[in-house]
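Undergrad: Mind looking over this structure? Questions follow.
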Amino acid sequence: MKKTLSVSAINHGTVIDHIDAGQALKLIPLLKLNHDHYQITIGLNLTSTLMGSKDIIKINDLHLTEKEAAQIAIFAPHATLNIIDDYSVIRKIKARLPQEIRSILICPNKNCITAHETVESLFHVSSFKNKVHLHCNYCEKIFSKHEIEEYST
Ligand SMILES: [Zn+2]
């Protein structure tokens, strides 16, 4: 039987697999992919034997790195980044939580100094019982990832 190339196959780029369902749309602004010209395919609520349902993001012509894998881990701790060249996976990177996140997230506390002055945001990351906690370095409040809705652009 002749193997047909699936529409979803990409020649060169990155496939972010095993994203927790519903989180893919958060990753696009987080990775600032909406500012670039890359071709992006997003799959939402796909069936996954491992997770029940999952999201997938495919980005043409861009190889993501460990740095992005750390950012992705905040919203998708089970994600795997498949780095693709010539239609094959040349590298897999597991999303892994960073210890701190600088300048990307915006503190939801309106009284936080970062909301009023041009201070680069800084969150310390910890996880407890599978929940990610983000601890603002400035106002010292602790947020869950669901409470962070804005990213700096
Ligand atoms: Zn704060």
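Undergrad: Looking at the range 22-39, can you tell me whether even one residue there is open to solvent by less than 50 Å² (accessible area, probe 1.4 Å) and more than 12 Å from the chain's Cα centre (by Cα)?
TA: no
Undergrad: Going through the range 24-55 one residue at a time, which ones are part of a strand (DSSP E or B) and modelled with pLDDT of 90 or more?
TA: Hits for the range 24-55 are 40, 41, 42, 43, 44, 45, 46, 47, 52, 53, 54, 55.
Let's see how each residue does on (1) under 12 Å from residue 74 (Cβ atoms); (2) out of contact with any Asp or Glu (no Cβ under 7 Å at 6 or more places or on another chain):
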{"site": "107", "(1), (2)": "no, yes"}
{"site": "111", "(1), (2)": "no, yes"}
{"site": "124", "(1), (2)": "no, no"}
{"site": "143", "(1), (2)": "yes, yes"}
{"site": "146", "(1), (2)": "yes, yes"}
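Undergrad: Check residue 72 against each of (1) closer than 29 Å to residue 40 by Cβ; (2) within 16 Å of the ligand (Cβ to nearest atom) and name the one condition it does not meet.
TA: (2)
Undergrad: So which residues in the range 103-141 are at pLDDT 95 or above, more than 10 Å from the ligand (Cβ to nearest atom) and among the β-branched types (Val, Ile, Thr), if there are any at all?
TA: none
Undergrad: Could you check the range 87-144 and list, in sequence order, the residues that are polar (S, T, N, Q), outside any loop (DSSP other than H, G, I, E, B), open to solvent by less than 40 Å² (accessible area, probe 1.4 Å) and closer than 24 Å to residue 69 by Cβ? Talk me through it step by step, then tell me what you get.
TA: Keep residues of the range 87-144 that are polar (S, T, N, Q), which gives 88, 99, 103, 109, 111, 114, 118, 121, 126-127, 130, 137, 144.
After this cut, where a residue has to be outside any loop (DSSP other than H, G, I, E, B) as well, the list is 88, 114, 126-127, 144.
Those left that are additionally open to solvent by less than 40 Å² (accessible area, probe 1.4 Å): 114, 144.
Passing the criteria: only 144.
Undergrad: Considering 62, 81, which residue is assigned to a loop (DSSP other than H, G, I, E, B) and surrounded by 15 or more Cβ atoms within 10 Å (Cβ to Cβ)?
TA: Working: 81 fails: assigned to a loop (DSSP other than H, G, I, E, B).
Selected residue: 62, the only one of 62, 81 that is assigned to a loop (DSSP other than H, G, I, E, B) and surrounded by 15 or more Cβ atoms within 10 Å (Cβ to Cβ).
The values are calculated or read from the model by the stated rules, or taken from the named source; none is laboratory data. In this text, all values refer to a predicted model and were calculated from it rather than measured experimentally. Heads up, the Cβs are rebuilt from the backbone with ideal geometry, glycines too, and the neighbour counts pull from every protein chain shown. Each accessible area value is taken on the protein alone, full model and side chains, heavy atoms only, with ligands, DNA and RNA left out. Shrake-Rupley method; radii C 1.70, N 1.55, O 1.52, S 1.80 Å.
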